[in-house]
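Report on the structure given below.
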Amino acid sequence: MDLWLIWLITAAVLVVAEIFTLTAALGLLGAAALVTAGFAAVGLPLPFQFLVFTVVATVSVLFVRPIALRHVLQPQVERFGIDALAGKAAYVVSEVTGLGGRVRIDGEEWTARAYDETLVIPPGTTVDVIEISGTTALVYPRD
């Protein structure tokens with residue numbers, strides 16, 4: 001079997017292993033094996049193939065991997081689901097007290113409670129959604 005084919009198989013095995021581990025290290029080693037397969041295909045002797053693999057693998061793991069991980073592990077910028085509702089304005093549909101009521105947030109009706117349990121918020125008032133607790137919006141009137 002030709003050496004370039006062995007390097008190619010090694011690259012494929014490492015890339016498949018990367019799919020299951022998601023560490024970015026095995027994928028970079030697979031890329032180094034792929035580069036080495038190219039050099040082996042043009043007839044580079046075996047000791048130099050190991051040297052090429054070592055250099056490419058070292059450079060990629062030490063310099064490329066941290067950059068890749070930094071881009072992958074960035075905090076989520078956009079809020080989704082109920083997290084996106086906190087801070088939005090809502091329209092009171094039926095009187096909201098510390099025990100219950102109804103508000104409309106972005107066209108959907110939600111059960112609501114006053115964030116300050118002593119407040120009674122009349123219908124037609126615009127309120128701010130402070131947080132969502134389960135399926136209930138905790139709201140506070142706008143000033």
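The values are calculated or read from the model by the stated rules, or taken from the named source; none is laboratory data. The structure displayed is predicted, hence computed values, not measured ones. Ideal geometry is used to build each Cβ from the backbone, glycine not excepted, and the neighbour counts take in all protein chains shown. SASA here: full protein model, heavy atoms, side chains in, ligands and nucleic acids out. Shrake-Rupley method; radii C 1.70, N 1.55, O 1.52, S 1.80 Å.
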Determine, yes or no, whether G27 is open to solvent by less than 70 Å² (accessible area, probe 1.4 Å) and closer than 30 Å to E131 by Cβ. no
Which condition breaks for P66 when tested against (1) in a loop (DSSP other than H, G, I, E, B); (2) closer than 15 Å to G27 by Cβ? (1)
Which of (1) more than 16 Å from R142 (Cα to Cα); (2) surrounded by 11 or more Cβ atoms within 10 Å (Cβ to Cβ) is the odd one out, the single condition V93 does not satisfy? (1)
Quick one: count up the residues across segment 44-62 that are within 14 Å of L5 (Cβ to Cβ) and either open to solvent by less than 60 Å² (accessible area, probe 1.4 Å) or free of Cβ contacts under 8 Å to residues at least 12 places away in the same chain (or both). 1
For segment 68-82, which positions are open to solvent by less than 100 Å² (accessible area, probe 1.4 Å) and touching a residue at least 40 places away in the same chain (Cβ under 8 Å)? A68, L69, I82
Only one of these conditions is not met by F39: (1) over 30 Å from L5 (Cβ atoms); (2) crowded, with 18+ Cβ neighbours inside 10 Å. Which number is it? (1)
